[in-house]
Structure formats: structure tokens, C-alpha cells
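Down below is the structure, laid out as C-alpha cells.
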Amino acid sequence: MKLQKSEGRYAAALISPALIVVFGIIVAPILATLVYSVVNNNMLSSQYGQFMGLHFYIKALTSGDFWPDLGRTLYYTIFSTVIETFGGLLIALLLNEKFPGVKFLRGIIIIPWAIPTVVNGSLWKLIFNGEYGVLNAILTKLHLFATYQSWLGDPKTAMNVVIAADAWKMTPLAVIFFLAALQGFDRATYEAAMVDGASVFRRFFSLTLPNLKPTILIIVVMRTVEKFKAFDIFYLMTRGGPADATKTLMYDTYLEAFTNLNYSDAATYAYLIALIVALLTLLYVNIMKRGDEE
Amino acid sequence: MKKLAKTLSCGLLAALMVLSIAGCGSKASTTGSTSAAASASGEEVTLNALFMKQAGYSEDDVNAMTADFMAANPGIKVNVTFVAYEELEPKILTSAQSGGYDVVLGDCIWPAQFAKAGLVLDVTDRMADLDTSDIYEGALDSTKYEGRYYGIPWLNDVKYMFCNTAMLAQAGINTVPTTWDELVADAKILKDQGIVEYPIAACYAQAECLICDYTCISGAFGGSFVDADNNPTLNSPENVAALDFMYQTVADGLTNPKSLEMIEDDVLSTFTAGNAAFALNWTYMNASMNDEAASSVAGQAVIAPIPGTDKAVSATVNGGMPLMITAGSKHPDEAWAYMSFLASKDTQSKYCADALPIWKSLYSDPAVIAAGGEDVVNASNTQYQYIVNRPQVAYYNELSTEMQTELQNVLLGKTTAQAALDGLQAQAEELAKG
Amino acid sequence: MTERRLKPHMSRSKRNQRIVEYIFGVILAIGVLAPVLWMFLTSIMYPKDLTAKPLSLIPSSVTFSRYAEVFSSTSASDSGYIFRAAMKNSLIIAVFVTLLSLVIGTLAAYAFARLRFRGRGVLMLLILFTYMLPPAALVIPLYRIYNSLGLLDKKWPMVILYLSFIIPFIIWVMQGFFGSISKSYEEAAQIDGATRFQTLLYIFFPIARPGAIATGILAFLMSWDEFFYSLIFTTQNAKTIPVAIAEFNGKFTIDYGMISVAGILGSLIPVLITLIFQKYIVMGMTAGGVKE
């Protein structure tokens, strides 16, 4: 009993600096935003200042925008998270091997991640440009396409272009985390497995993958949260276009707040985003837990 | 755990205190004037002003104007901040009520919204200081909301047509088109003769520039987005015809299909690379187009008024930028003194090299003509008579985002002009109710 | 080492593996470097060549004038000068954010991962939840608070603001690393009579080091890259690189050349820092048998 009490005090001492900084800054705006979502703060509304209850939540969930926005957000989130996690894992496994040139690869892998998003968005917008983009120049030179394609002007391809640009920059994050995790592995177990003659795949599925589970969970949750909140890349590359093909929940939140001055609608969207992400996180954690029990 | 609970409750308390400031953002609506006394009593007043980088007057110009103002008004000190265009709106929205800036430069589509939201001050009474009859109506009107003025137009800009006359001459055409029918006929000839694959480059991306181009074309077809009382008229036959026309030029391959990803600068680049014969764009394109270092068509293209139809001689869109006083400003009198100094005829004629003035009388001034460029001033003299403002309604920005999406759907062939505009009309009527 | 033992008579499957590794490695190198190379070319190409159609991949002439512009401009209103100042601001802010968030976040993460106390789960969720709310919605009330306290456009309030969303992140990531460390270490240390803090300092920190360095790089880059808050809260004295880069764009214009210069220069510092610290991630652990 006594031990547990002192453990609680010890935990409080270790946690309180973080709590002070985080909640000290963020609690007030979070509560203010919550107030905005139930008290009309739409600057142009005739009902400004009135208590609206759950009106804005019902309005959001029944509006024509929310569900298509959510669909696009999920598409973007799922595809880019999967690409980054799998790609990151594959690359990390490669870079964890020893072969000539691996040091060079480990050195350059970080570069895309270091390029500011503002630049990354513009860079890929330029590369994919329909009129003078280098990708079109290469593809037509290789005779893969007869004419220049409008990658960002076609609703069918625009979102994939954004995903590609984003994955190029952010996959190194997963690589670095997987590499760090792989370093912590028990070499002795591996060597034993090798002596036993276990194949590469066998070793991967029976040893590497289970050990990487916590890292996978960290990365998947981290990327899901970031993807749901992604704003810069859409702002820079597509502005939600063409014909709303890349309009995500977050981009709509920005439009509601900074173009339409509907702070209440924006606040409501913000809470819905956070709730969805929280649910997804719980889902991931549970899937991982169930996997452990099996 | 006690400590944790204590920390949490402290945080909550602080939060609630701040909430009382944050939650009830007071909507200022009065033209408060509390500072005249301050400056009269000899105390120095400090103004903060927000300007834009990379367009219009240079930073050096604005700094020089400000220095002139401070020299003439020893009691007032002005701090100027320059931000990118994209930063202006979020900066104004977050700061206007607390008066972080006193004078702000804004886009001409914002005053109505800002006025309704109580972010900027009514300056109608102060406008009596100015000779408003000498200001171009189109520019002046953009600062008006429900009969009141909320700013002084300062940066003047409209769209023009740019035309590669060398390409036209190659096809044996010696006149610049003055109607859209002529333009389309010329474009067909250029395309058929293989002189240019896509004769028209347009900024039809999901952005405000799409609405700017549509404003010009709808105006030329005799349409408008709102009537005289600012009631929406989006699905008028003229607007439908204009949008059908835009769609048809894309479908016929006369307008570059990549226009759906283009904003102004992409249009400029396509044109200066010699891959378009016609384009609509703002004044800045004239200088870039004739800059040998950046353009392959320098000296081969001209600036001209935007074509019309039998319903209208021409129509262009106002792209000016007014100066406004924020609702939170503690010194509205000094703020007005400063911005009316910046917009004065003296200042505008002195610094006319980078931006054309708002004053009609200055356009006959030889110094202004020389500095602005004869071709631009000539085109402006015609073009300024046909300025159309995007609707000066508080809900315009929201309507615009809806329009951008729907117009793109039409241009992509996903829906018809009639259906899209009917839907937009219904949305606009809903928005108009508030 | 296994590898050395295998080398003299490299098995066929090992050789196949090597070939796959090389092919994959080459693809990876091209995938990473080609866009970077294009960014570099964009930074030295003349505007005319950049928008030509058909585009020539190897420009006939190049110019380094954009780099000169960044390094030589002395007027405070030049975007080059502003960019240099922003680089300094970004570096100061990012270094403080990284150090502070690592210390504060790691301590909390350890407590969440290894200690038992009431409300642990709820508190962890609350902290994570703060991180899930998008900044676009929080920024308006935050601005009002910062403005009323006179904290706008100053570096240290930006550090604290960044800490408020980077710390939750670090707690989340680091508690994962701490959580995967075997209990036997802790027990062994306690049997040896080590205090709890000694256990943390001498057992947990060294084992979690690769993770902590990866997390530190992440914190640095999050701070270095943050755009939205900086856009709203800074104007001059605390303006960071992403905002300075965005200012190369005009109302209607996109200056791809200058943005590319900024991209090259803006990624140099993070790349250097990462290269220095990456050594420690991949250097490996002295002790094996970390996992349960």
C-alpha cells in the first residue's frame, strides 16, 4: 500500500511538468472551442451569441459536405498511412542489413523529411504541373503518354498526387522509427534462428514483426492523427480542388473558419475530427491487444 | 495524485478566466473615437499597419510614404508590417477585434463580410474629406456595404485581355478581337492551322481566380451575380449562357484543358512560353510578358480591353485592394489620417510607377502615363469604364467557394450550367437569409 | 558475427538476397534523390527554361543569382534577408523545443509506461486528445489569449506553444519505447538496491536512447516545419522558415526558383543534425535482450 502511494507521488512529480505546459496552454482554447461549438459564434449569423445546444453537430452530420469530406479524408489517411508504414518498414529492413552503400542510403533517406512542407508542396506541384511539369516531360519522352496529363486538374488523380507527395516526404519518419526499433532487438535470438536455418520470411514473421508491433502502433496512430489534421499540403497543392476532389474535413474546417467566418461550424468540425481520430486510435490499440492475446 | 488534481484544477481555473475574454468576442459596431484627445494633448500615438509583400507598391515605397506622413504628423508614429497576400486574411481575422493592427490592407471582396462581422469601422462620414467623384466608381463601390463605406480603395487593379498578336499575324489576322465571338473564331483558326495547340489559357483552378474570370465573361454576356438590391441572380439566362460558353471552349479544345489546375501565374507562364494566344490576367502580366529574361513572347503580345458581346462592350472584374480601419483600433482618427494620406492624389501620383492610382484625373497626368506605361494607361482608360464588382454581400466568400466547386463540375462536363447555377442560386438565397 | 562466418562460402540464397538488396537500394536512391535533384535544378534554372514546353531536363545555362540574393541582401525588407533571419529564429526555437520537450516528455512517458497510479489511462487519453484537435479551430481563441498577454511575435512564447503539442506526441511515442523494455531489468536493478530514479537514469534511459534520438529528430522537424501557428502568431521577430518561404509567393505569383533555393537551404540544418545523431540510432545497443 505504502509503495503504491509513493509511486503515485513519484509519477505526479514526473508528469506534472508536462501537464503544466500542455494543459496550461491548450485547455483554455480547447474549452473556448467547445463553447464555440454550442454557442453561435458564426460572425455573419443573425443568431450570433445564442446558445444552440447540439445544433451545429446535427447540422454538420446532416449536411451534404461532411460525409463526402470524411470519405476523402479516410481515403487520404488510409492510403498514405499504409504506404508510409509498409514502405517505411521495407526500407528500414533494407537499411538494417549490411551491404556496401548502406551507409550512403541511411544518410540520404532523411533528406525528404527535412525539406519543409511548404517547399515539398510547391516542389511536387511543379513536378506534376500539367503544362511544364518535369514528370510530363519524362513520361512523354519515354513514350508512356502521348500528351501532357493534367494530374492536378483531374479529380481522379489529384488526391493520389497529394498522397504521393506526402508519402515521399514522410516515409523517412517511419524508416527512422523502425530502424531505431530494430536496433533494440535481441541479436542472440536472431543468430539462433539463423543457425536453425529459418528462412528470411520465417524470421521476419515469427521474430521481427511481433517485436515491431509496438512501433507499428506508434507510427500508425501518429500518422493517422497527422493525416486527419493535414492542412498545409492541401493548401499548397490543390486548395481542395479540382471540383472538391481533395477537400478534406480539415480543409473544410479551415474554410469555415477563415473564409466563411463560421467559427461555430469550424469548432464543431474540429471536435468531430478529434473524436473520429480518438475512436480510430482506440480501434488500433484494441486490434493490437487482441493480436497479442492470440 | 493530489498534486495532479491541483495542477489540473489550476489549469481549469485559468482557462475559465481566459474564456471570459475569449468566449464573448464582442462585435463592435460603433465608430468609437477616443483618441483625438490623446494626440491633441501632445502624447505620441502609435499606429500599427498591415500591408502586403510582392505586389502593388514596393515595401520601400510604403516605408517612404509612411515617413512622409510621420514628418507631416509629428504626434503619430506608424509601425508597418508586410506579409504575403495569403497571410492578410488570417492575420486580419485573428487580430481585428483586439486592435492588433489599426490600418489593414484587404482584398476588395472582404469589406462586406468584415463589416457584417464587425471587424472594420464604418468610414462613411469621414469619406466627406475626399473628392469621391474623382475616384473610379468600380473601385469605390467595392468598399461599400448596405450603403455605407468601410474603407478607401488604394491599390487599383482589374483584369485585361492579353493577346499574342504575332500568332494572329501568322494566321493572317491583323486585329485584336473585341468580342468573344471574334476571339473564338480567331482561336479556331489558330488551332486549325496548328499555330498553337490550345489558343486560350485560363485560370479555372478551384480558386478565386475562376470566379474572377467568370465575372468578366458573365459581365460581357450581360449577366450579373446579384441585382441592384444585392439579391442573387445566379441562374439568369445570361449567366447560364456565359458558363455554357466557357464550357464549350474547353470542350472544343480552344481553352487549354489544364486550365482547371491553373491560377494566374500558370496562365502567365503558359502565355509567356508561347503556348497560348489569349489570356485574361491582371495588370502585372504586362510587365512580366514583356520582360525578355522571363518571357519568350516579349514584344509579340499586347494588353487590350476584355472582349464583349452585343449585350456589353466589355466587362472586367475589380481586383483592387482597399485600406480599412479595424474595429479594435484605439486610434481611429489617426488611422484615418494615415490611410487617407496614403490614398491621396499627391501620394498616389508620386509613387505611380508600381501601382496605378484610383483617381480619374491622374490618368491624364503625363507623369502617370509615363510611369504606368502608355499601353497600360490606354487600356485602363477603356477598361475602367466596365468594372464589375463581385457581389458586395457578407456571404460572398462562402458563396464563392461553392461556386468554384460547381463551376469546375460544369467545366469537367459533370453537370450542366443550368443545373449548377440553379443549385447555386438556391444556396445563395439560403445564405442571404443569414 | 553471423555475416563474417557466412562470407567465404556465401550461399545461393544469401547471394540472391544481396541482389534484391542492391536493386531495392538503387530504386530507393533514385526515388529519394531525383526530386531533390529537380529541386536543385529549379533553384539554378532561368525562369524561361523552367516553363518551356517541351521541357529540357538539362538546362543549357544556369544561374546562382538566387543564392547570391539570399546571402547578400542587406535590406531588412528583402525576402533574402528575412529568410536568413527566419532561419536563425527557426533554429533557436527548434533547439529549445527539442531539448525541453525531450526532457519533459520522456519523464512523463516513463511514468505513463512503467508506474502505476490512479487515472493513468484517462490522463493519457486526455493528453492525446489535446493533440488530436486541429490547430485551425484552436488558433482563434489562442490568438486572443496571446494578444491580451502581449506574447505575439516573440520567440519564447512560440517555444511554449510548440511544446504544448509536441510534448503529447513525445509522451505517446516514448511510452511505447519504455513499454517494450523487459521488466526483468527493473527487477534486477531493484534487487541490487537501486532507487527508482537510478533505475530510470541508468537502466531505462540508455536502453531507450535510439528511440529518444529518433523522437528528438521528430520533435526538431515538427518545430522546424510548423506553418500554421507561425503564420498567425509571428510577423517579424519570431518569424520562422516556413512562413518566410511562403512569402516568396506574391498575390498571383509563385516563385518556384526562390522556393527551391529555400528548400535546399532550409533542409540543410535538419539534414546535418540528423546525420550527426543518426549515428547513435544505428550504432546499436551494447546490451542485447531488450524485448520481453
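The values are calculated or read from the model by the stated rules, or taken from the named source; none is laboratory data. Treat the numbers as computed from the prediction; the structure is a model and nothing was measured. Counting neighbours? That spans all protein chains shown, and the Cβs are built from the backbone with ideal geometry, glycine included.
Observations, loosely collected:
- Of the listed requirements (1) outside any helix (DSSP H, G or I); (2) in contact (Cβ under 8 Å) with a residue 12 or more places away in the chain; (3) of a type outside the set (A, V, I, L, M), C:Phe71 misses just one: (1).
Here is a yes/no grid of residues against (1) under 30 Å from the mean Cα position of the chain (by Cα); (2) surrounded by fewer than 20 Cβ atoms within 10 Å (Cβ to Cβ); (3) within 14 Å of chain A (Cβ to nearest Cβ); (4) within 27 Å of C:Thr215 (Cα to Cα):
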{"position": "C:Pro35", "(1), (2), (3), (4)": "yes, no, yes, yes"}
{"position": "C:Leu41", "(1), (2), (3), (4)": "yes, yes, yes, no"}
{"position": "C:Leu50", "(1), (2), (3), (4)": "no, no, yes, no"}
{"position": "C:Phe64", "(1), (2), (3), (4)": "yes, yes, no, no"}
{"position": "C:Ser72", "(1), (2), (3), (4)": "yes, yes, no, no"}
{"position": "C:Ser90", "(1), (2), (3), (4)": "yes, no, yes, yes"}
{"position": "C:Leu102", "(1), (2), (3), (4)": "yes, no, yes, yes"}
{"position": "C:Ala109", "(1), (2), (3), (4)": "yes, no, yes, yes"}
{"position": "C:Ala113", "(1), (2), (3), (4)": "yes, no, yes, yes"}
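- Residue among B:Asp266, B:Asp310, B:Asp333 that alone is surrounded by fewer than 24 Cβ atoms within 10 Å (Cβ to Cβ) and not assigned by TED's automatic domain parsing to the domain that holds B:Ala117: B:Asp310
- Helices (runs of 4 or more DSSP H) completely within region B:197-314 that count 1 or more residues being at pLDDT 95 or above: B:208-220, B:237-251, B:264-272
- Put simply, of A:Gly107, A:Gly87 the only residue that is surrounded by fewer than 19 Cβ atoms within 10 Å (Cβ to Cβ) and in a helix (DSSP H, G or I) is A:Gly107.
- Residue satisfying condition, being at the interface with another protein chain (Cβ under 10 Å from one of its Cβ atoms), crowded, with 24+ Cβ neighbours inside 10 Å and out of contact with any Phe, Trp or Tyr (no Cβ under 9 Å at 6 or more places or on another chain), within set A:Ala243, A:Ala266, A:Ala257: A:Ala243
- Some residue of region C:99-121 being in contact (Cβ under 8 Å) with a residue 40 or more places away in the chain and outside the structural domain of C:Ala238 (by TED's automatic domain parsing): no
- Residue check, B:Ser269 more than 30 Å from B:Leu431 (Cβ to Cβ), within 22 Å of the chain's Cα centre (by Cα) and not hydrophobic (A, V, I, L, M, F, W, C): yes
- Pick from region B:118-130, criterion in contact (Cβ under 8 Å) with a residue 40 or more places away in the chain and surrounded by fewer than 23 Cβ atoms within 10 Å (Cβ to Cβ), ranking: farthest from the other protein chains (Cβ to nearest Cβ): B:Asp129
- Residues in region B:110-168 that are of a type in the set (A, V, I, L, M, F, W, C), in the same structural domain as B:Glu86 (by TED's automatic domain parsing) and farther than 23 Å from B:Tyr386 by Cβ: 10 in all.
- Restricting attention to region C:11-33, the residues being within 9 Å of chain A (Cβ to nearest Cβ) and either within 16 Å of A:Trp113 (Cα to Cα) or in contact with a Leu (Cβ under 8 Å, 6 or more places away or on another chain) (or both) number 8.
- Screening C:Ala94, C:Ala85 for residues that are among the hydrophobic types (A, V, I, L, M, F, W, C) and either out of contact with any Pro (no Cβ under 9 Å at 6 or more places or on another chain) or at pLDDT below 90 (or both) leaves exactly one candidate, C:Ala85.
Here's the yes/no breakdown for (1) surrounded by fewer than 19 Cβ atoms within 10 Å (Cβ to Cβ); (2) without any contact (Cβ under 8 Å) to a residue 12 or more places away in the chain; (3) over 26 Å from C:Phe277 (Cα atoms); (4) more than 14 Å from chain B (Cβ to nearest Cβ):
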position: C:Phe197; (1), (2), (3), (4): yes, yes, no, yes
position: C:Phe204; (1), (2), (3), (4): no, no, no, yes
position: C:Ala219; (1), (2), (3), (4): no, no, no, yes
position: C:Phe233; (1), (2), (3), (4): no, no, yes, no
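- Within region B:276-301, being more than 10 Å from every other protein chain (Cβ to nearest Cβ) and of a type in the set (Phe, Trp, Tyr) holds for one residue alone: B:Phe278.
- Residues of region C:221-231 that are more than 7 Å from every other protein chain (Cβ to nearest Cβ) and over 13 Å from the mean Cα position of the chain (by Cα): C:Tyr229, C:Ser230.
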